Structures are given as C-alpha cells and as structure tokens.
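Have a look at the structure below before the remarks.
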Amino acid sequence: MTSAQNRAFSYACLALSMALVGSYVALSKPLAAVFPVLLLAWLRFGIGGLAMLGWLKKPADEPPMTRQVKGLLFLESFLGNFLFTLCMISGVKLTTAVSAGVIMAAIPAAVALLSWAFLRERVAPRVWGGVVCAVLGIGLLSLSHSTPVSHQSGPDRAWLGNLLLLGAVFCEACYAVIGKKLTGTLGPRRITSLINLWGFVLTTPFGIWLAWSFDFGAVSTGSWMLLLFYSLAACVWTVWLWMTGLKNVPASQAGVFTVLLPISAATVGVVVLGERLAGMQILAFCIALAGVVLATWPSRSVRG
C-alpha cells in the first residue's frame with residue numbers, strides 16, 4: 001500500500017475501534033445490572049484470553065522484551081483496562097450523565113497534552129483545532145441533556161464522581177500514549193493478548209471471590225450472549241484495531257478519534273435503546289465529526 005493508503009487504513013482502524021468502544025459501553029448497561037463490576041471484568045478478560053491464546057506466542061522476529069517494555073505493558077493494562085473501567089462505572093454512578101459527558105469530552109485534549117509532554121510529538125495547529133471541535137461538540141451534546149443527580153449518590157458525593165471521571169480521562173489518555181510507545185517494539189496482536197493477560201491477573205482475586213457466591217444459573221441466555229460480544233469487542237477487536245492504527249499515526253492525532261466513543265454510545269442509545277435525538281444533539285455530532293476531519297485531513301505536502 002502507498003503511504004496515503006496506509007494512513008487511510010490506520011484512520012479507519014482508529015475510528016472503528018472507538019466506535020466499537022462506544023457501542024459496547026452502551027450495551028454493557030444491562031450486564032452491569034446482572035454481574036458485579038469486578039466479576040464482569042474478570043469474565044471479560046477470561047473470555048478474551050481464550051479467544052487470543054494463539055496470539056500469546058512470541059513471533060520469531062520479535063526482539064526480547066526489555067524491562068521497560070514489560071513495565072509499559074503492565075501500565076497499559078492497569079491504567080487502560082483495570083482503572084479506566086472502575087473509574088468510569090463508579091464515577092457515573094456518583095454524578096450526573098451531563099457531568100460524565102462533559103468530562104469525558106476532555107479525552108482528545110488529554111491525549112494531545114500527554115503526547116506533547118511524554119512522546120515529544122509536535123501537535124500541529126489543525127490537530128489542536130480538531131481537539132477544540134471535539135470538546136465543543138461533545139460538551140454541547142452533554143449540555144443538551146438535563147439529567148438529575150442520582151438519588152442514591154446525592155449531590156454531596158457528586159464531586160467524588162467527577163474526580164473519578166477525571167481519573168478515567170487520564171487513564172484513557174495514558175492508554176493512547178503508552179500504546180504508541182509499545183507499537184514501536186511489539187506487534188498489535190502481541191500487545192492485545194499481553195494486555196488482556198495482565199487484566200485477567202489483576203481481576204482474578206476479585207473475580208474468584210465474587211464468583212464463589214454468585215448465582216450463575218440465574219443469568220439468562222441473552223445476557224450470556226451479550227457478555228460474549230462485550231468480551232470480544234472490549235478485549236480483542238477494539239484493542240487490536242487501536243494498536244494497528246497507532247503504528248502509523250501520532251498519538252496526539254489518534255486521540256481525536258476518541259470523540260467517536262460518546263458519539264457511538266449515543267447512536268446506539270437512539271437506534272437500539274429507543275432514545276430521542278434532538279436538533280441540538282445533531283449539531284453537536286456535526287461539530288465533533290468536523291474535528292475528526294480537521295485533524296486527519298492530509299496536509300498539502302502529503303497530498304502532493
């Protein structure tokens with residue numbers, strides 16, 4: 001493939017990855033009502049691990065992993081899988097959906113900042129423009145709702161939920177930046193399988209403890225099928241797509257594609273869950289997608 005085709009393929013992988021993340025986040029709501037969060041995470045990593053057993057084998061042309069690479073793999077799983085899930089789900093329970101959407105809209109900006117700080121990537125002005133469009137679009141989408149604070153959490157604990165969501169933003173930004181470092185050493189399949197293995201190790205003590213008293217017989221066939229989709233999407237498809245796209249795209253530019261996460265989640269809510277889409281929300285989608293186009297449009301020198 002030409003460089004332009006490689007770039008287009010990478011963009012498609014990044015976009016599809018984040019769209020899948022948004023879809024399984026929306027569709028995992030019924031699962032969270034059936035399984036405890038940490039048990040759900042353990043089952044997810046277990047199913048994903050079974051699907052990727054063949055990917056764990058070290059390729060013949062792969063260099064030995066240094067201590068730094070091993071540490072990055074652990075951090076990628078700990079921050080991007082384990083802590084992100086806990087912060088996101090726990091944060092949404094303690095604050096409003098409006099606050100969650102506004103705060104998560106900061107992911108592209110956080111990725112760009114961390115890429116500049118740790119990867120020394122030069123962030124082009126048009127990428128910053130894409131970040132601004134992404135934040136404005138999803139912020140407008142979120143502010144178009146009027147969701148009250150949960151009666152269970154109460155307004156006095158909303159600040160804690162907001163802090164947890166900020167933690168989720170940081171975890172997702174770290175996931176993008178660390179992933180870019182790893183793609184310079186390991187292939188997408190190896191990264192995907194090793195990250196999942198660490199996730200399984202981290203959740204196993206909690207998973208075994210919760211499984212001991214959980215009534216698996218009460219889980220419906222539909223919930224098991226949804227769990228299978230959730231596990232394969234979260235552990236296999238989205239991670240492989242993201243790591244494949246990152247091989248040819250700067251992390252700061254790739255971070256703009258995270259705007260598709262809340263857009264995809266809202267779309268699934270409309271199409272699958274029967275929620276309504278207002279004119280203000282459509283405008284927000286257009287602004288956010290304009291940010292993706294602005295950040296990924298080839299420069300004149302590349303097109304020439």
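Stretched out fully, how many nm does the piece from Q68 to F229 gain, at 0.36 nm a residue minus the Cα gap? Walk me through the intermediate numbers first.
Numbers: separation 161, 0.36 × 161 = 57.96 nm, distance 3.30 nm.
Full extension from Q68 to F229 adds 54.7 nm.
Shape class for segment 171-271: oblate, because the ratio a/c of the largest to smallest gyration tensor axis (alpha-carbon atoms, square roots of eigenvalues) is 1.5 or more and b/c is at least a/b. Distance between the 7 Å Cα→Cβ label points at A33 and L160: 2.5 nm.
Per residue, how large is the accessible surface of segment 182-260? Use a 1.4 angstrom probe and give square angstrom. Display every interim value, and only then the final one.
Details: 3290 Å² over 79 residues.
I get 42 Å² per residue for segment 182-260.
Evaluating 6.51 cos²θ - 1.76 cosθ + 1.60 at θ = phi - 60° for every residue in segment 71-77, the Karplus couplings come out as x, 5, 4, 5, 5, 4, 6 Hz, glycine and proline recorded as x.
Determine the alpha carbon to alpha carbon distance for each of K57/K181; K180/K247; K58/K180 and list only those over 18 Å.
Values: K57/K181 21 Å; K180/K247 7 Å; K58/K180 20 Å.
Going by Cα-Cα distance, K57/K181; K58/K180 fall outside the 18 Å limit.
Put the Cα centre of segment 8-76 next to the Cα centre of segment 198-242 and the gap is 12 Å.
The values are calculated or read from the model by the stated rules, or taken from the named source; none is laboratory data. Not measured: the values here are computed from a predicted model. Every residue, glycine among them, receives a Cβ derived from its backbone with ideal geometry; neighbour counts consider all protein chains shown. Just the protein is used for accessible areas: all its heavy atoms, side chains included, with ligands, DNA and RNA removed. Shrake-Rupley method; radii C 1.70, N 1.55, O 1.52, S 1.80 Å.
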